[in-house]
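Remarks on the structure that follows.
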C-alpha cells in the first residue's frame with residue numbers, strides 16, 4: 001500500500017496475494033502491470049445490486065503483491081456464482097471492516113485480528129489451508145547479527161507494526177512485549193505502521209527498525225520464493241497457533257449468496273483451474289468450518305494491549 005502522502009493511484013506489478021493472507025512471490029514471473037485505485041471510495045449500494053458482489057481485501061502485502069491474484073480469485077468466484085465480483089482494496093484493516101459494516105462490501109478477506117473485532121456479526125464463509133493447517137503464527141524478526149535473546153532485549157528499541165488490528169503484526173508482538181516490560185515501563189522507543197507484512201520484513205532487513213512482528217505465512221513463502229530478502233534475518237520469537245485469516249460475509253449478504261460463495265470456495269481445489277488459482281495464492285484449499293478454539297483469547301489479548309496505553313484502536 002502506498003506510503004503516507006503518496007497519491008491514491010498506484011501501479012502494481014502482479015505478483016501474489018495475501019496473508020491474509022497473503023503470500024509474496026517474485027515480481028519477474030508476471031508479465032503485466034495492473035492499476036488499482038486505493039483513493040476511490042465505493043458508493044454505498046444495496047448488496048449484490050445489479051448482480052455485482054463487492055469483495056474487499058486488506059492489503060497484508062504491498063498492493064503490487066496482492067492485486068492480480070485476488071482478481072483471478074474473484075473472476076473464478078464470479079464464474080461459479082454467476083455474478084460479477086468487484087475487488088476493493090483499502091489501506092488499512094479498520095477501513096476494510098468499515099466496508100463490511102456499512103454495506104460497502106458483500107464479503108471480505110480479513111486479518112484474524114480484524115475478524116475478532118467484528119465478532120460475532122460476520123459469518124465465516126471459508127478459511128484457507130496452508131501446509132495442511134488452517135492456523136498460522138506471529139513471528140518477531142530481528143537481524144541475524146542482533147544480540148537479542150528474547151523480546152525483553154527489544155524493549156526501548158524501534159519496532160515495525162503492520163496495522164492497528166493486525167494480530168500477527170501488532171497485537172501479539174505488543175502483548176508479548178508488555179508482558180516482558182511489566183507495569184509502567186515503556187515498550188518500544190519508536191514504532192511505525194507499514195500496512196504490509198512484506199514491508200515490515202524489508203524494514204528489519206535494511207536496518208530501518210530493529211525488529212518487527214509479521215505473519216508466518218508471508219515469511220515462510222518469502223523464505224521459499226525470495227530467500228535473498230530474508231537471508232539476513234532470524235526468528236527471535238514465535239507465537240502459539242492462531243486461526244488463519246478468514247473470508248467473511250457481510251451481515252447484509254443473503255443466505256443464498258453465502259451458500260453459493262461457500263460452495264465455490266470449498267470446491268475450488270477439485271478443478272485444474274481452481275487449483276491454479278489456489279497455487280497463486282499459496283493455498284492448498286478452502287474449508288468451511290475452522291476450529292473455533294483457534295480464535296479464542298485473541299480479543300482478550302487485544303484488550304490487554306489497549307489497556308497498556310497504546311493509543312491506536
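Things to note:
- Scan of region 225-265 for residues that are within 30 Å of residue 81 (Cβ to Cβ) and assigned to a loop (DSSP other than H, G, I, E, B), ordered by number: 244, 245, 246, 250, 251, 252, 253, 254
- Test: residue in region 222-241 that is within 30 Å of residue 53 (Cβ to Cβ) and either crowded, with 22+ Cβ neighbours inside 10 Å or outside the structural domain of residue 72 (by TED's automatic domain parsing) (or both): no
- Verdict on residue 167 being closer than 20 Å to residue 300 by Cα and crowded, with 21+ Cβ neighbours inside 10 Å: yes
- Test result for residue 260, out of contact with any strand residue (DSSP E or B) (no Cβ under 8 Å at 6 or more places or on another chain), outside the structural domain of residue 152 (by TED's automatic domain parsing), more than 27 Å from residue 296 (Cβ to Cβ) and surrounded by 15 or more Cβ atoms within 10 Å (Cβ to Cβ): yes
- Those strands (runs of 3 or more DSSP E) lying entirely in region 36-126 with at least 3 residues more than 23 Å from residue 222 (Cα to Cα) and modelled with pLDDT of 85 or more: 52-58, 84-90
- Test: residue in region 210-221 that is modelled with pLDDT of 95 or more and either loosely packed, with under 15 Cβ neighbours inside 10 Å or over 21 Å from the mean Cα position of the chain (by Cα) (or both): yes
- Among (1) assigned to a loop (DSSP other than H, G, I, E, B); (2) loosely packed, with under 13 Cβ neighbours inside 10 Å; (3) not assigned by TED's automatic domain parsing to the domain that holds residue 101 - the single one residue 289 does not satisfy: (3)
- Region 292-313, residues that are crowded, with 19+ Cβ neighbours inside 10 Å and within 20 Å of residue 124 (Cα to Cα): 294, 295, 298
- Long-range neighbours under 7 Å by Cβ, at least six apart or interchain, first residue modelled with pLDDT under 85 within region 294-313, second part of a helix (DSSP H, G or I): 308/178; 310/174; 313/94
- Region 182-221: number of residues that are in a helix (DSSP H, G or I) and farther than 15 Å from residue 148 by Cα: 14
- Here residue 207 fulfils each of the conditions (1) under 27 Å from residue 89 (Cβ atoms); (2) touching a residue at least 24 places away in the same chain (Cβ under 8 Å) apart from (1).
- When the residues of region 127-159 are filtered to those that are in a helix (DSSP H, G or I) and touching a strand residue (DSSP E or B) at 6+ places or on another chain (Cβ under 7 Å), the one that is nearest to residue 221 (Cα to Cα) is 151.
The values are calculated or read from the model by the stated rules, or taken from the named source; none is laboratory data. Given the structure is predicted, the values throughout are model-derived calculations rather than measurements. Methodologically, a virtual Cβ is constructed for each residue, glycine included, from the backbone with ideal geometry; neighbour enumeration extends over all protein chains shown.
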